[in-house]
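**Student:** Below: one structure in structure tokens.
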Amino acid sequence: MTDATNSDERIKEMSRLRRALIRPELGGMVGCVAVFTFFLLTASDSGMFSSTGVLNWSVVSAQFMIIAVGACLLMIAGEFDLSVGSMIGFAGMMIAIFGVTLGWPMWMAILVTFAICIALGALNGYIVVRTGLPSFIVTLATLFILRGFTIFIPQTLERKTIIGGITEAAEGDWLAAIFGGKVLKGFFAWLGDIGMISVFERGNKVGQPVVDGIPMLIIWALGLVIVGHIVLTRTRFGNWIFAAGGDAQAARYVGVPVERVKILMFMFTAFCATVFAVCQVMEFGSAGADRGLLKEFEAIIAVVIGGALLTGGYGSVIGAALGALIFGVVQQGLFFAGVESSLFRVFLGVILLLAVILNTYIRRLITGER
Amino acid sequence: MQPIIRMTNIEKHFGSVIALNGVTVDFFPGECHCLLGDNGAGKSTFIKTMSGVHKPTRGEICFEGKPMHFDDPREAIAAGIATVYQDLAMIPLMSVSRNFFMGNEPIKHRMGLPFFDHELANEVTMKEMRAMGINLRGPDQAVGTLSGGERQTVAIARAVYFGAKVLILDEPTSALGVRQTANVLATVDRVRKQGISVVFITHNVRHAMAVGDRFTVLNRGKTFGTATRGDVTPEELQDMMAGGQELATLEGSLGGTV
Ligand SMILES: Nc1ncnc2c1ncn2[C@@H]1O[C@H](COP(=O)(O)OP(=O)(O)OP(=O)(O)O)[C@@H](O)[C@H]1O
Ligand SMILES: [Mg+2]
């Protein structure tokens with residue numbers, strides 16, 4: 001009895017500091033503060049924090065966020081998906097093939113593409129849970145297969161690897177607008193009128209604000225982050241995601257449908273990749289066979305910066321979103337500051353290493369391992 | 001009285017390994033049934049066929065008089081059969097209350113949507129743990145920071161909470177101190193008196209004798225016989241579990257119950 005109370009007291013001295021430390025988001029929060037402080041001090045006169053500058057890095061961060069949410073939940077459920085980048089290229093190409101080459105209405109092209117990609121995600125998951133192979137290997141195979149088809153199909157049908165004409169094909173389409181449109185246009189026009197943001201002074205857009213609305217891409221990113229966070233922390237299914245990744249056998253013993261959870265998370269990752277792809281082709285007006293290259297690693301890095309453990313069972317969607325924000329701000333910030341862009345990769349490598357070391361340390365704090 | 005669970009000729013094969021080779025046991029409400037046997041005898045495998053983890057290769061499970069086929073452990077838990085597994089089924093990175101309700105999370109509705117009721121989960125967890133004699137720092141403490149015995153206590157408290165009809169304990173006292181062991185044995189006694197059927201696996205004959213009403217010995221995947229309390233002495237049980245050459249003489253002392 002005394003033993004129990006004693007050990008309690010021993011722990012309590014540490015508890016406040018530990019409690020502050022034992023948050024998966026900690027690394028992401030510290031990183032964000034550091035990154036913003038750095039660029040505010042060094043690049044504030046470069047236009048990075050003007051309205052167009054903010055829009056610029058917000059869009060890039062939102063892109064990272066969309067795929068990071070999927071990768072985050074999947075990693076917490078104990079699996080990886082290396083085929084995200086190929087899936088982005090593949091989904092974009094499918095939309096172009098259906099919508100432009102075959103001339104389907106854009107909404108149908110988008111819906112069918114979603115169905116195909118989510119089914120491919122389910123197949124990834126099914127193979128992983130059925131064979132018990134590491135998802136690393138299974139999705140590495142998918143990475144190559146999908147990339148191969150993404151080059152092969154347009155070459156066979158159109159004799160080229162970039163298909164344009166999507167902007168025209170999507171003109172007036174209700175579903176395309178949900179991915180490629182902008183919201184709050186009136187609000188931004190008003191901001192321009194009252195002089196809160198600058199307006200074009202020349203050209204055919206004279207008088208219109210330089211930022212004329214919030215791209216749907218950003219709305220998708222925020223929506224996915226919020227929904228992902230709530231599902232993970234506030235629902236029964238979220239508890240199953242943690243359990244499936246924490247210890248699949250233990251989870252099975254108490255009746256968590258581990259296989260179903262994992263397959264659903266693969267499907268969700270594919271869904272996120274497809275959202276990314278649709279937003280991208282709507283923005284560029286074209287699909288290219290090389291789109292999405294290396295995105296799977298960028299997503300995983302954002303998730304790890306956000307505090308998730310590579311071994312599964314621990315992490316945070318908010319953390320992953322902060323990781324994506326750090327990513328976007330640094331990538332674009334270096335551009336604004338005129339730094340050689342290759343240094344971005346150096347930064348990535350360094351921050352990844354720091355994040356993993358911090359995460360390992362936090363894991364020890366939580367589990368009491370030495 | 002009708003048995004709550006009747007296991008008839010249960011066989012379980014893992015590939016070429018025959019873990020269970022025709023085991024027949026009845027479990028009654030309000031009884032503490034001790035399963036004894038050597039390491040590898042098949043005790044854990046046997047209770048896993050009861051808790052829905054394994055489907056028996058052959059044999060029949062009757063639950064409350066009706067044939068029962070649990071497809072997964074959730075169905076067993078929903079039917080009121082809860083289990084403390086030998087390896088506990090706890091996830092170190094998750095909090096105590098998330099572990100406690102893992103697989104059976106309480107739900108509250110907000111705007112028609114189902115959410116995990118964390119307040120209820122935390123409250124119940126703290127209350128049940130206090131009842132088991134463990135003061136948690138908080139319900140959000142990670143299970144990984146608990147000692148082995150504390151973890152075992154969480155697993156037991158969880159099973160007691162969900163085991164409305166049958167409570168299966170696979171060596172629940174192996175890591176426990178004196179006070180916690182006494183607590184677990186008292187808990188077994190208490191739930192048995194409430195009419196719950198307790199299945200208690202242990203290697204400790206003193207613990208078995210302290211709470212057991214009947215004793216079944218498993219040996220190499222077969223039942224060695226069921227003895228009723230009073231018909232068997234601790235020494236006889238001890239010898240029976242030890243296995244080996246004494247077994248032949250012990251069979252006699254079980255007196256016809258084989
Ligand atoms: N999943 C499995 N796959 C293959 N063999 C298994 C599996 N589970 C159990 N076995 C085998 O079945 C036999 C019985 O194992 P079981 O765990 O039921 O023994 P036990 O009586 O609980 O032993 P202990 O007292 O050590 O816990 C062992 O020989 C074991 O190797
Ligand atoms: Mg065992």
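**Student:** Name the single residue, out of those in the stretch B:3-20 being in a strand (DSSP E or B) and buried (at least 17 other Cβ atoms within 10 Å of the Cβ), that is nearest to ligand 2 (Cβ to nearest atom).
**Tutor:** Only one residue fits best here, namely B:A19.
**Student:** Is it the case that B:N122 is polar (S, T, N, Q), in contact with a Ser or Thr (Cβ under 7 Å, 6 or more places away or on another chain) and farther than 23 Å from B:T45 by Cα?
**Tutor:** Yes; evaluated as a whole, the condition is true for this residue.
**Student:** Could you check the stretch B:164-190 and list, in sequence order, the residues that are modelled with pLDDT under 85, part of a loop (DSSP other than H, G, I, E, B) and more than 16 Å from ligand 2 (Cβ to nearest atom)?
**Tutor:** Selection gives B:A164, B:L176, B:G177.
**Student:** For the stretch A:99-119: of the residues being in a helix (DSSP H, G or I) and out of contact with any Phe, Trp or Tyr (no Cβ under 8 Å at 6 or more places or on another chain), which is nearest to A:G89 (Cα to Cα)?
**Tutor:** Among residues in the stretch A:99-119 that are in a helix (DSSP H, G or I) and out of contact with any Phe, Trp or Tyr (no Cβ under 8 Å at 6 or more places or on another chain), the one nearest to A:G89 (Cα to Cα) is A:I116.
**Student:** Would you mind telling me which numbered condition in (1) more than 8 Å from chain A (Cβ to nearest Cβ); (2) on the phi < 0 side of the Ramachandran plot; (3) among the hydrophobic types (A, V, I, L, M, F, W, C) B:F101 fails?
**Tutor:** Unmet condition: (1).
**Student:** Another one. Does A:I263 satisfy being touching a residue at least 24 places away in the same chain (Cβ under 8 Å), surrounded by fewer than 24 Cβ atoms within 10 Å (Cβ to Cβ) and closer than 21 Å to A:T139 by Cα?
**Tutor:** Judged against the criteria, A:I263 is a match.
**Student:** Out of B:R179, B:R137, B:R190, B:R158, which single residue is charged (D, E, K, R) and under 13 Å from the mean Cα position of the chain (by Cα)?
**Tutor:** Only one candidate passes the filter, namely B:R158.
**Student:** Hey, another quick one. Name the residues in the stretch B:149-179 that are within 16 Å of ligand 1 (Cβ to nearest atom), in contact with a helix residue (DSSP H, G or I) (Cβ under 6 Å, 6 or more places away or on another chain) and more than 13 Å from chain A (Cβ to nearest Cβ), would you?
**Tutor:** Selection gives B:P172, B:T173, B:A175.
**Student:** Failed condition for A:S198, given (1) hydroxyl-bearing (S, T, Y); (2) out of contact with any helix residue (DSSP H, G or I) (no Cβ under 7 Å at 6 or more places or on another chain); (3) modelled with pLDDT under 85, with all others met?
**Tutor:** Evaluating A:S198 over (1) hydroxyl-bearing (S, T, Y); (2) out of contact with any helix residue (DSSP H, G or I) (no Cβ under 7 Å at 6 or more places or on another chain); (3) modelled with pLDDT under 85 leaves (2) as the failure.
**Student:** Please enumerate the residues belonging to the stretch B:232-246 that are among the charged types (D, E, K, R), loosely packed, with under 15 Cβ neighbours inside 10 Å and at pLDDT 80 or above.
**Tutor:** Answer for the stretch B:232-246, where residues must be among the charged types (D, E, K, R), loosely packed, with under 15 Cβ neighbours inside 10 Å and at pLDDT 80 or above: just B:E235.
**Student:** Follow-up. Being within 16 Å of ligand 2 (Cβ to nearest atom), crowded, with 24+ Cβ neighbours inside 10 Å and either farther than 21 Å from B:V191 by Cβ or hydrophobic (A, V, I, L, M, F, W, C) (or both) is the filter here, so list the residues in the stretch B:68-90 that pass it.
**Tutor:** Matches in the stretch B:68-90: B:V84, B:A89.
**Student:** Tell me which of these B:A159 doesn't satisfy, since it passes every other one: (1) over 18 Å from B:K193 (Cβ atoms); (2) within 16 Å of ligand 2 (Cβ to nearest atom); (3) small (G, A, S).
**Tutor:** (1)
**Student:** A follow-up question, please. Being within 16 Å of ligand 1 (Cβ to nearest atom) and of a type outside the set (G, A, S) is the filter here; which residues of the stretch B:208-225 pass it?
**Tutor:** Correct list: B:F215, B:T216, B:V217, B:L218, B:N219, B:R220, B:K222, B:T223, B:F224.
**Student:** Can you report the number of residues in the stretch A:236-249 which are facing chain B (nearest Cβ under 8 Å) and of a type outside the set (F, W, Y)?
**Tutor:** Adding up the residues that qualify gives 7.
**Student:** Please count how many residues of the stretch B:197-215 are under 14 Å from the mean Cα position of the chain (by Cα) and within 16 Å of ligand 2 (Cβ to nearest atom).
**Tutor:** So the count comes out to 6.
**Student:** Only one residue in B:G59, B:G42, B:G65 is more than 16 Å from ligand 2 (Cβ to nearest atom) and surrounded by 15 or more Cβ atoms within 10 Å (Cβ to Cβ), so which one is that?
**Tutor:** On inspection, the qualifying residue turns out to be B:G59.
**Student:** In addition: Can you name every residue in the stretch B:104-125 that is touching a residue at least 24 places away in the same chain (Cβ under 8 Å) and not β-branched (V, I, T)?
**Tutor:** B:N104, B:A121, B:N122
**Student:** On to the next question. Suppose the filter is surrounded by 15 or more Cβ atoms within 10 Å (Cβ to Cβ), in contact with a helix residue (DSSP H, G or I) (Cβ under 6 Å, 6 or more places away or on another chain), polar (S, T, N, Q) and more than 30 Å from A:P24 (Cβ to Cβ); does B:S97 pass it?
**Tutor:** no
**Student:** Could you go through the stretch B:32-46 and let me know if any residue there is among the basic types (K, R) and within 13 Å of chain A (Cβ to nearest Cβ).
**Tutor:** No, the stretch B:32-46 has no match at all.
**Student:** Can you confirm whether B:F116 is more than 16 Å from ligand 1 (Cβ to nearest atom) and more than 8 Å from chain A (Cβ to nearest Cβ)?
**Tutor:** In short, no.
**Student:** As an exercise: evaluate A:L140 against (1) closer than 14 Å to A:G292 by Cα; (2) out of contact with any helix residue (DSSP H, G or I) (no Cβ under 7 Å at 6 or more places or on another chain) and give the number of the one condition it does not meet.
**Tutor:** So the condition that A:L140 fails would be (1).
**Student:** Another question, if that's okay. Does at least one position in the stretch B:182-200 carry a residue that is touching a helix residue (DSSP H, G or I) at 6+ places or on another chain (Cβ under 9 Å), under 19 Å from B:A76 (Cα atoms) and within 16 Å of ligand 1 (Cβ to nearest atom)?
**Tutor:** Yes, some residue in the stretch B:182-200 is touching a helix residue (DSSP H, G or I) at 6+ places or on another chain (Cβ under 9 Å), under 19 Å from B:A76 (Cα atoms) and within 16 Å of ligand 1 (Cβ to nearest atom).
**Student:** Filter the stretch B:55-96 for residues that are within 16 Å of ligand 1 (Cβ to nearest atom) and away from chain A (no Cβ under 11 Å); which is nearest to B:A155 (Cα to Cα)?
**Tutor:** Among those residues, the one meeting the criterion is B:K55.
**Student:** Filter the stretch B:111-145 down to the residues that are surrounded by 18 or more Cβ atoms within 10 Å (Cβ to Cβ), among the acidic types (D, E) and in contact with a helix residue (DSSP H, G or I) (Cβ under 8 Å, 6 or more places away or on another chain) and list them by number.
**Tutor:** Of everything in the stretch B:111-145, just one residue is surrounded by 18 or more Cβ atoms within 10 Å (Cβ to Cβ), among the acidic types (D, E) and in contact with a helix residue (DSSP H, G or I) (Cβ under 8 Å, 6 or more places away or on another chain), namely B:E128.
**Student:** Condition (residue is within 11 Å of chain B (Cβ to nearest Cβ), in contact with a strand residue (DSSP E or B) (Cβ under 7 Å, 6 or more places away or on another chain) and not hydrophobic (A, V, I, L, M, F, W, C)) applied to the stretch A:214-235: is it met by at least one residue?
**Tutor:** Yes; the residues of the stretch A:214-235 include at least one that is within 11 Å of chain B (Cβ to nearest Cβ), in contact with a strand residue (DSSP E or B) (Cβ under 7 Å, 6 or more places away or on another chain) and not hydrophobic (A, V, I, L, M, F, W, C).
**Student:** Scan the stretch A:179-194 and report the pairs whose first residue is at positive phi and whose second residue is at pLDDT 85 or above and surrounded by fewer than 18 Cβ atoms within 10 Å (Cβ to Cβ), with Cβ atoms within less than 8 Å and a gap of 6+ or a chain change.
**Tutor:** Once the first residue is at positive phi and sits in the stretch A:179-194, its partners that are at pLDDT 85 or above and surrounded by fewer than 18 Cβ atoms within 10 Å (Cβ to Cβ) give A:L184/A:G213.
**Student:** Give the residue that is modelled with the lowest pLDDT, with candidates limited to residues of the stretch A:2-44 that are within 12 Å of chain B (Cβ to nearest Cβ) and part of a loop (DSSP other than H, G, I, E, B).
**Tutor:** A:I22
The values are calculated or read from the model by the stated rules, or taken from the named source; none is laboratory data. Keep in mind that this is a model prediction, so the values were computed, not measured. Positions of Cβ are generated from backbone atoms using ideal geometry, with glycine treated the same way; all protein chains shown enter the neighbour counts.
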